[in-house]
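Written below as structure tokens is the structure these notes are about.
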2 protein chains.
Amino acid sequence: MATRIVEPEAGPRSKRAAILAAAVDCFGETGFEATKWSTVAERVGIGQTALYHYFESKTHCLLTIMRLELQRSHDKFTEAAPDTAEPVEALRAAVRAAYDVSDHEVLQMRILQNHMDLLSGPRKSKREEAERVAARQLVQLVERDWTNLLVRGMSQGAFPLRDAQLLGASVLGLIVSVWRWYRPSGPTPLSEVSELIEGACVRMVAT
Amino acid sequence: MATRIVEPEAGPRSKRAAILAAAVDCFGETGFEATKWSTVAERVGIGQTALYHYFESKTHCLLTIMRLELQRSHDKFTEAAPDTAEPVEALRAAVRAAYDVSDHEVLQMRILQNHMDLLSGPRKSKREEAERVAARQLVQLVERDWTNLLVRGMSQGAFPLRDAQLLGASVLGLIVSVWRWYRPSGPTPLSEVSELIEGACVRMVAT
DNA sequence: GATCAACCTGAGCCAAGTTCAATTCAGTTA
DNA sequence: TAACTGAATTGAACTTGGCTCAGGTTGATC
């Protein structure tokens, strides 16, 4: 059931990676709707129709970006907060990991957050729908990552008992809400954000 | 400076309110991009071009909905958590007020959250830009509502001292993150959400 | 140097938002 | 009641941007 999409293996001439990178820049800075698909082509240095060799549509590209970012987030969580770690420390590590990202990854998070609603409705075309379903599964995985962490903490007595589902969603919501306003060029360094949110999460969950 | 937009006074035949209501339904359930502007017209019972008598563009209508929702949120906060109240109780009241909403207002919050990014870049047309600027101002007002509450609590010794700006944004982020996933028809009643978040906010801020 | 698949392009199609000149309607004035 | 006014509405045409299609180029492999 958990069908992780097979990444098309890159032929030596393939511009797929370049397109994804350019699209992340454009979508992240200008916004998805506001950026013309042809602009992405320009930036890569190909004609606009060449894009369709790699992606079925502009939206298909967006969904791919979102899925890749979700995969990254999930992997990073798993690595940072193994099931064996002590709950409070695992929680802290997971939050820190969530903010240990490059500028490019910040853009990806922003894109992901700004278009979560795309994942609710079904898509018409095959490949888009495949990406959407994969992304949805990953969203659930990430949510489960956090709730599991809470459930573990609660059953071990490290956290007071509460609705882990709801609290997990809230913690996650708190963490990702940052990507709406955070700008690498802004006045607040990400390290500061990370520390404040880390503390806030611990208080929220472990008090 | 604070140029509250003058609401066009409704002629007796005006369909402005009906259009806004229909648009909230459509945009909230189907999504802004996914709903055809002409569908809104149909639902109101007018031709699509008649819409342009009331709104300069589909986006202008969206921005108007967002601004109205922001005004509502700000007003409700002010009413629920007056500057005179005891900080912890004011915080609790403000959170409860944030979730004391009708189904229609849930849709408006969802629309607002899903299109916050529209407020960052400038718009080309006059009226759209006016709505955008007004909305931005209201966002800042609402953020100030929350930070002021925190600052007051901190200076009165009810809350430990922390970066009120950042913490305010986080509290707000936590609260509104709910509108991404909450559905009135879903399994979790809003009252339950409200209680959990209320507790979480107090722990986050007052611990 | 023939072959094949990956890769790319110019020309044009189409859907949806938008513009515009012309028309209807409801209330007001004479 | 006839003329007038501005709000409200419309059908038809225009614009933009994503997308399709029918073919052309490139380069690795044999």
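Below are the figures for this structure:
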{"read-out": "Cross-chain or 6+ apart pairs with Cβ under 9 Å, segment B:30-58 first and farther than 23 Å from B:Leu112 by Cβ, then of a type in the set (Asp, Glu) and more than 8 Å from DNA strand C (Cβ to nearest atom)", "value": "B:Gln48/B:Glu42"}
{"read-out": "Subset of segment B:153-176 [touching a residue at least 12 places away in the same chain (Cβ under 8 Å) and crowded, with 19+ Cβ neighbours inside 10 Å]", "value": "B:Gly153, B:Phe159, B:Ala164, B:Leu167, B:Gly168, B:Ala169, B:Ser170, B:Val171, B:Leu172, B:Leu174, B:Ile175, B:Val176"}
{"read-out": "Complete set of residues in segment A:15-24 that are away from DNA strand D (no atom under 12 Å from the Cβ) and either of a type outside the set (A, V, I, L, M) or out of contact with any His (no Cβ under 7 Å at 6 or more places or on another chain) (or both)", "value": "A:Lys15, A:Arg16, A:Ala17, A:Ala18, A:Ile19, A:Leu20, A:Ala21, A:Ala22"}
{"read-out": "Number of the exception - A:Gly121 against (1) assigned to a loop (DSSP other than H, G, I, E, B); (2) touching a residue at least 24 places away in the same chain (Cβ under 8 Å)", "value": "(2)"}
{"read-out": "Enumeration of residues in segment A:106-142 that are within 16 Å of DNA strand D (Cβ to nearest atom), within 13 Å of chain B (Cβ to nearest Cβ) and more than 24 Å from A:Asp25 (Cα to Cα)", "value": "A:Gly121, A:Pro122, A:Arg123, A:Lys124"}
{"read-out": "Search result, residues across segment A:32-56 that are within 13 Å of another protein chain (Cβ to nearest Cβ), out of contact with any Leu (no Cβ under 8 Å at 6 or more places or on another chain) and either more than 11 Å from DNA strand C (Cβ to nearest atom) or part of a helix (DSSP H, G or I) (or both)", "value": "A:Ala34, A:Thr35"}
{"read-out": "Helices (runs of 4 or more DSSP H) contained entirely in segment A:126-201, each with at least 2 residues that are more than 17 Å from B:Val178 (Cα to Cα)", "value": "A:126-155"}
{"read-out": "Selection within segment A:58-117 - surrounded by fewer than 16 Cβ atoms within 10 Å (Cβ to Cβ) and among the polar types (S, T, N, Q)", "value": "A:Thr78, A:Thr84, A:Ser102"}
{"read-out": "First in segment A:180-191 and in the same structural domain as A:Asp103 (by TED's automatic domain parsing), second anywhere and surrounded by fewer than 16 Cβ atoms within 10 Å (Cβ to Cβ), Cβ under 8 Å, 6 or more apart", "value": "A:Pro184/A:Asp103; A:Leu190/A:Pro184"}
{"read-out": "Only listed residue being away from DNA strand D (no atom under 16 Å from the Cβ) and among the acidic types (Asp, Glu), chosen from B:Glu69, B:Glu42, B:Glu7, B:Glu56", "value": "B:Glu69"}
{"read-out": "Only one of A:Ser14, A:Ser57, A:Ser73 that is closer than 30 Å to A:Leu150 by Cβ and of a type in the set (S, T, N, Q)", "value": "A:Ser73"}
{"read-out": "Among (1) outside any helix (DSSP H, G or I); (2) of a type in the set (A, V, I, L, M, F, W, C); (3) more than 13 Å from DNA strand D (Cβ to nearest atom), the one test that B:Phe27 misses", "value": "(1)"}
{"read-out": "Tally, over segment B:180-194, of residues that are under 20 Å from the mean Cα position of the chain (by Cα) and at the interface with chain A (Cβ under 10 Å from one of its Cβ atoms)", "value": "5"}
{"read-out": "Residue match in segment B:65-78 (condition: in contact with a Cys (Cβ under 9 Å, 6 or more places away or on another chain) and in a helix (DSSP H, G or I))", "value": "no"}
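The values are calculated or read from the model by the stated rules, or taken from the named source; none is laboratory data. What you are looking at is a predicted structure, and each value in this text was computed from that prediction instead of being measured. Ideal geometry is used to build each Cβ from the backbone, glycine not excepted, and the neighbour counts take in all protein chains shown.
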